[in-house]
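First up is the structure itself, then whatever we jot down about it.
The values are calculated or read from the model by the stated rules, or taken from the named source; none is laboratory data. Please read these numbers as outputs of a predicted model, since none were measured by experiment. We place every Cβ from the backbone using ideal geometry, glycine too, and count neighbours over all the protein chains shown. Please note that ligands, DNA and RNA were not included when accessible areas were found on the heavy atoms of the full protein model with its side chains. Shrake-Rupley method; radii C 1.70, N 1.55, O 1.52, S 1.80 Å.
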Amino acid sequence: MPSFAYRAIGPGGRTTSGQLDAANRAAAVAQIRLLGAAPVEVRELAALASNDNPARRKVPGAARRAASKTLGEAAVLLNAGLPLDRALALALDNVEDPVVRADFAALLKRVKEGEPLSRAMAHNPAMFPPIAQAMAEAGEANGRLGSALDRLAAVQAQAEEVRSIVVSALIYPIILMVIAVAIILMMLLFVVPQFDQLFGQSADKLPPESIAVLAASHGLRAYGLYWLAGLAGAVLIARAWLARASTRAGADRLVLRVPQLGTLVRHIETARFARTLGALVDGGVQVPAALAVAHRTIANRSMSLAIGAVVGIVKEGGGLTRPLAESGALPRLAIGFLRTGEEISQLGPMLARLADVLDADVKLRLQRLVAFMTPLITVALGGAVALIIAAIMAAILGFNDVAVS
């Protein structure tokens, strides 16, 4: 789906800017108007996925962490009374990552030229996503930019921590799977062929399991490169297929229906959404605008579309909890927290608390998943190796019968 950068006149006559996804320019204009703003400029960002395109390039995790740290340092300096350009310049001096340094140097240059920080961030949405732009804009509007950047840095740091926990939890099972596949391939490519030469023309008289193992080894050696090429082609086709918005939404919807995995994904996405929405609301962003930004942080396309459809209802004054509950995108626990937050007028803190609860649940579920997967992969590896060895031993034990016949 195309991305559009925009400038608009918001409530009270102040200028707002940002980025959103829409099917076309008319749909983008409609989304901006739903937020209560009058669009002044709407332009489509380039659709080329290249490293030179700041809207599409990938930002490594180390760069994201460095950027979060730099924003936190700038917030401290702003709260100490330094002007924005001076705070950014001092924070920039401590940046070692070349990617982050270049991006913050460009940001500083635009600020010195007179652009507001939020609009300067909009030029590089990969490094400064919509939540950064929205929180900076809210801080500029209420005169508490330092506090807004401090809150933004905390949210980004927490998001990186959760991402690191997920990645770290999956490293060991992935290594086990790689080792298992490598051992089986080595046996089929180098060990089994030695017995294939031994049995020679009598191989068709061996036990069925031995014949199957020998055939697998022969097929892997003869057609392995073709299988590898076919697998690579299938992966490329699947990536192109999933790149389509409708297909991606359908695939993500199926993921949510998978037992255990679907719950884990839903909780991860809900925690990210809640933390972002809570930070925006606490930062002074109006709920409809905050919801429009927060739903874009959800990677699961099915959940993102369901929550995005609620923005218009919330803008019309329908409340937040009821339409989100009717969308079915969020778990029941989240709806309870949202309802309580609205009733006691503490939506931001309740969303932050919800994110903490879901993060703790995700950690527990990941620990259980790893505890289940590790012995399962180990047993599967041992079973596969044992089957190959048993097939070879059965052939050797029956070799005399083969020779006599």
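Quickly run through segment 132-161 and pick out the residues that are under 21 Å from Ala63 (Cα atoms) and open to solvent by 30 Å² or more (accessible area, probe 1.4 Å). Spell out how you get there, then give the answer.
Just the residues of segment 132-161 that are under 21 Å from Ala63 (Cα atoms), to begin with: 132-136, 148-161.
Correct list: Asp150, Arg151, Ala154, Gln156, Ala157, Gln158, Ala159, Glu161.
Of the residues Ala292, Ala329, Ala325, only one is within 25 Å of the chain's Cα centre (by Cα), hydrophobic (A, V, I, L, M, F, W, C) and outside any helix (DSSP H, G or I); which? Write out each step before concluding.
Numbers: Ala292 fails: outside any helix (DSSP H, G or I); Ala325 fails: outside any helix (DSSP H, G or I).
The unique qualifying residue is Ala329.
What pairs come out if I take residues in segment 140-167 that are over 18 Å from Thr70 (Cβ atoms) and pair them with residues that are among the charged types (D, E, K, R) and open to solvent by 60 Å² or more (accessible area, probe 1.4 Å) whose C-beta lies under 8 Å away, six or more apart or interchain?
Ala141/Arg14; Val162/Arg272; Ile165/Lys363
For Ala309, are the conditions met, namely being buried (at least 21 other Cβ atoms within 10 Å of the Cβ), modelled with pLDDT under 85, in contact with a Pro (Cβ under 9 Å, 6 or more places away or on another chain) and not β-branched (Val, Ile, Thr)?
Numbers: buried (at least 21 other Cβ atoms within 10 Å of the Cβ): no; modelled with pLDDT under 85: yes; in contact with a Pro (Cβ under 9 Å, 6 or more places away or on another chain): yes; not β-branched (Val, Ile, Thr): yes.
The answer is no for Ala309.
Yes/no per residue for (1) surrounded by 15 or more Cβ atoms within 10 Å (Cβ to Cβ); (2) assigned to a helix (DSSP H, G or I); (3) modelled with pLDDT of 85 or more:
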position: Gln201; (1), (2), (3): no, yes, no
position: Ser210; (1), (2), (3): yes, yes, no
position: Ala232; (1), (2), (3): no, yes, yes
position: Ile237; (1), (2), (3): no, yes, yes
position: Arg253; (1), (2), (3): yes, yes, yes
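Please work out if Asp85 is out of contact with any Phe, Trp or Tyr (no Cβ under 7 Å at 6 or more places or on another chain), more than 23 Å from Arg275 (Cβ to Cβ) and open to solvent by less than 50 Å² (accessible area, probe 1.4 Å). Let's see the steps before the verdict.
Working: out of contact with any Phe, Trp or Tyr (no Cβ under 7 Å at 6 or more places or on another chain): yes; more than 23 Å from Arg275 (Cβ to Cβ): yes; open to solvent by less than 50 Å² (accessible area, probe 1.4 Å): no.
Against the criterion (out of contact with any Phe, Trp or Tyr (no Cβ under 7 Å at 6 or more places or on another chain), more than 23 Å from Arg275 (Cβ to Cβ) and open to solvent by less than 50 Å² (accessible area, probe 1.4 Å)), Asp85 does not qualify.
Given (1) over 18 Å from Gln133 (Cα atoms); (2) at pLDDT 70 or above; (3) surrounded by fewer than 18 Cβ atoms within 10 Å (Cβ to Cβ); (4) not basic (Lys, Arg), where does Ala47 come up short, assuming only one miss?
Unmet condition: (2).
Which of the residues spanning segment 270-299 are open to solvent by less than 50 Å² (accessible area, probe 1.4 Å) and over 20 Å from Pro125 (Cβ atoms)? Give the steps one after another, and end with the answer.
Of the residues in segment 270-299, the ones open to solvent by less than 50 Å² (accessible area, probe 1.4 Å) are 270-271, 273-281, 283-285, 287-295, 297-298.
Matches in segment 270-299: Thr270, Ala271, Ala274, Gly278, Val281, Gly284, Val287, Pro288.
When you go through Ala122, Ala80, Ala106, Ala91 one by one, which is the residue that is in contact with an Asp or Glu (Cβ under 7 Å, 6 or more places away or on another chain), among the hydrophobic types (A, V, I, L, M, F, W, C) and either at pLDDT 80 or above or closer than 24 Å to Arg7 by Cβ (or both)? Lay out the reasoning, then the answer.
Numbers: Ala122 fails: in contact with an Asp or Glu (Cβ under 7 Å, 6 or more places away or on another chain); Ala80 fails: in contact with an Asp or Glu (Cβ under 7 Å, 6 or more places away or on another chain); Ala106 fails: in contact with an Asp or Glu (Cβ under 7 Å, 6 or more places away or on another chain).
Ala91 is the lone residue from the list that is in contact with an Asp or Glu (Cβ under 7 Å, 6 or more places away or on another chain), among the hydrophobic types (A, V, I, L, M, F, W, C) and either at pLDDT 80 or above or closer than 24 Å to Arg7 by Cβ (or both).
Quick one: which residue in Ala334, Ala306 is in a helix (DSSP H, G or I), in contact with a Leu (Cβ under 8 Å, 6 or more places away or on another chain) and aliphatic (A, V, I, L, M)?
Numbers: Ala306 fails: in contact with a Leu (Cβ under 8 Å, 6 or more places away or on another chain).
Selected residue: Ala334, the only one of Ala334, Ala306 that is in a helix (DSSP H, G or I), in contact with a Leu (Cβ under 8 Å, 6 or more places away or on another chain) and aliphatic (A, V, I, L, M).
Evaluate the following for Ile388: is it open to solvent by 40 Å² or more (accessible area, probe 1.4 Å), modelled with pLDDT under 85 and farther than 20 Å from Val166 by Cα? Can you show your working first?
On the way: open to solvent by 40 Å² or more (accessible area, probe 1.4 Å): no; modelled with pLDDT under 85: yes; farther than 20 Å from Val166 by Cα: yes.
So Ile388 does not fit the description; no.
Quick one: is Trp227 out of contact with any Ser or Thr (no Cβ under 7 Å at 6 or more places or on another chain), among the aromatic types (Phe, Trp, Tyr) and in a helix (DSSP H, G or I)? First the steps, then the outcome.
Values: out of contact with any Ser or Thr (no Cβ under 7 Å at 6 or more places or on another chain): yes; among the aromatic types (Phe, Trp, Tyr): yes; in a helix (DSSP H, G or I): yes.
Taking the combined requirement at face value, the residue satisfies it.
Checking Arg101 against (1) more than 30 Å from His295 (Cβ to Cβ); (2) of a type outside the set (Gly, Ala, Ser); (3) at pLDDT 85 or above; (4) over 27 Å from the mean Cα position of the chain (by Cα), which test does it fail?
Of the numbered conditions (1) more than 30 Å from His295 (Cβ to Cβ); (2) of a type outside the set (Gly, Ala, Ser); (3) at pLDDT 85 or above; (4) over 27 Å from the mean Cα position of the chain (by Cα), the odd one out for Arg101 is (4).
In segment 62-143, which helices (runs of 4 or more DSSP H) lie fully inside it and hold 1 or more residues that are closer than 18 Å to Asp282 by Cβ, in contact with a Ser or Thr (Cβ under 6 Å, 6 or more places away or on another chain) and β-branched (Val, Ile, Thr)?
Values: elements: 84-93, 98-112, 117-122, 130-142.
The helices (runs of 4 or more DSSP H) meeting that bar are 130-142.
Do the conditions hold for Val314, that is, is it touching a helix residue (DSSP H, G or I) at 6+ places or on another chain (Cβ under 9 Å) and open to solvent by less than 30 Å² (accessible area, probe 1.4 Å)?
Numbers: touching a helix residue (DSSP H, G or I) at 6+ places or on another chain (Cβ under 9 Å): yes; open to solvent by less than 30 Å² (accessible area, probe 1.4 Å): yes.
It is true that Val314 is touching a helix residue (DSSP H, G or I) at 6+ places or on another chain (Cβ under 9 Å) and open to solvent by less than 30 Å² (accessible area, probe 1.4 Å).
Which condition number does Ala63 fail, the rest of (1) farther than 18 Å from Asp150 by Cβ; (2) open to solvent by 20 Å² or more (accessible area, probe 1.4 Å); (3) of a type outside the set (Val, Ile, Thr) being met?
The one condition Ala63 does not meet is (2).
Six or more apart or on different chains, Cβ atoms under 6 Å: show the pairs whose first residue is in segment 251-267 and free of Cβ contacts under 8 Å to residues at least 60 places away in the same chain and whose second is in a loop (DSSP other than H, G, I, E, B) and open to solvent by less than 50 Å² (accessible area, probe 1.4 Å).
Asp252/Asn300
For every residue, the table says whether it meets (1) more than 30 Å from Ile183 (Cβ to Cβ); (2) part of a helix (DSSP H, G or I).
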position: Ser302; (1), (2): yes, yes
position: Ser345; (1), (2): yes, no
position: Ala352; (1), (2): yes, yes
position: Asp361; (1), (2): yes, yes
position: Arg365; (1), (2): no, yes
position: Leu376; (1), (2): no, yes
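Could you tell me which of the residues Pro129, Pro54 is open to solvent by 30 Å² or more (accessible area, probe 1.4 Å), on the phi < 0 side of the Ramachandran plot, at pLDDT 80 or above and of a type outside the set (Gly, Ala, Ser)?
Numbers: Pro54 fails: at pLDDT 80 or above.
Matching residue, one of Pro129, Pro54: Pro129.
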